[in-house]
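Visitor: Sharing a structure with you now.
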Amino acid sequence: MRQIVLDTETTGLRVQDGNRIIELGCVELVNRELTGNNLHIYFNPDRDSEQGALEVHGLTTEFLSQHNRFEQEAQRIVEYISGAELVIHNAEFDLGFLNAEFKRVKLKEIQSYTSGVVDTLMLAREQYPGKRNSLDALCSRLGISNEHRVLHGALLDAELLADVYIAMTRGQFGLSMEYVEEKEESNTSHIQFQASDIADLQVVRANEQELAAHHAYLQDLEKASGAPSIWVQLSNPTVPAEAN
């Protein structure tokens, strides 16, 4: 499965006020593994950033004026995300800005080019109700280092979000099982168990009623077969095994 973890920086918080995207950062995951095939673009928005936004991302009008406008990069973005599932923190915000940019260049909504969208903010609220679920808070909670995050940057934030997403969703793939595709021609797959997975398994032992029912079932089997069952032989080595 191909996923694109995506983040944007903008000139301000409200797309309705004419604010624009100034930076796009995308990190590719294939089968939950980082591939290094990332996409990072700065855009000339043809306007200044609001003061509050500038303090967050630090991208000045002078710096951004050296880069392409969104319309010059739009097709490259479509080709990169095409067919992938998007992973975004507070997806409503980023999708709102992206769709406004796509509309300006007469493209369809971004969702129409993808296989779906995962909002990690919604996932975090389900897993950690009543707690702070900003990217920084999730990094701290999940033990992911973000010490190098002084200012917000789209690519850096996408890289952190990829680690957060993998950590938050590990339990959705069984007992932390990772499906590893075989590279042989058979194209089969197998499952790897980690020692930590086994250590976390809860052992539930049978009660007396269940043991009695199991014993009665074994007696019925023995009557039907005319020989001690394999269960009895394994649990009681003194019981002779039937000769072949």
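Visitor: What is segment 1-144 by shape, rounded, prolate or oblate, if you read a ≥ b ≥ c off the alpha carbon gyration tensor as root eigenvalues and call it rounded for a/c under 1.5, prolate for a/b larger than b/c, and oblate otherwise?
Guide: oblate
Visitor: Follow-up. If I model a spin label as a point 7 Å beyond the Cα along the Cα-Cβ vector, how far apart are those points for Asn207 and Glu55 in nm?
Guide: Distance between label points: 6.2 nm.
Visitor: Packing-wise, with mean Cβ within 10 Å as the measure, how do 90-101, 121-132, 9-20, 208-219 rank, highest first?
Guide: 90-101, 9-20, 121-132, 208-219
Visitor: I would also like to ask the following. Given a 1.4 angstrom probe, I'd like the percentage of the accessible area of segment 49-102 that is carbon and sulfur, rounded to a whole number.
Guide: After summing per-atom areas, the C and S share lands at 45 percent.
Visitor: List residues of segment 48-65, by number, whose backbone nitrogen lies under 14 Å from a label position 7 Å along Cα→C-beta of Asp17.
Guide: Residues 48-56 qualify, since their backbone N sits under 14 Å from the label point.
Visitor: Suppose each label sits 7 Å from its Cα in the direction of the beta carbon; what would the Asp48-Gln75 distance come out to in nanometres?
Guide: Calculated label separation equals 3.5 nm.
Visitor: Okay, moving on. Between Ser82 and Arg32, with labels modelled 7 Å along Cα→Cβ, what's the label distance in nm to one decimal, could you check?
Guide: A separation of 2.9 nm, rounded to one decimal place.
Visitor: How much net charge surrounds Gly36 when only other residues with a Cβ under 12 Å from its Cβ are counted (Lys, Arg +1; Asp, Glu -1)?
Guide: Net of charged neighbours comes to -3.
Visitor: Gain in length, His40 to Lys108, computed as 0.36 nm per residue apart minus the alpha-carbon separation, to one decimal in nm?
Guide: Fully extending the segment from His40 to Lys108 adds 22.3 nm.
Visitor: On to the next question. Multiply the residue separation of Thr169 and Ser140 by 0.36 nm, subtract the distance between their alpha-carbon atoms, and state the gained length in nm to one decimal.
Guide: Difference between extended and current length: 8.8 nm.
Visitor: Taking K and R as +1 and D and E as -1, what net charge do the other residues with C-beta under 12 Å from the C-beta of Gln127 add up to? If you can, show how the numbers build up before the last one.
Guide: Values: positive: Arg125, Lys131, Arg141, Arg170; negative: Glu126.
Its environment carries a net charge of +3.
The values are calculated or read from the model by the stated rules, or taken from the named source; none is laboratory data. Computed from a predicted structure; not experimentally measured. Cβ: placed from backbone, ideal geometry, glycine included. Neighbour counts: every protein chain shown. The protein model used for the area step is the full one, side chains on, heavy atoms only, and it has no ligands, DNA or RNA in it. Shrake-Rupley method; radii C 1.70, N 1.55, O 1.52, S 1.80 Å.
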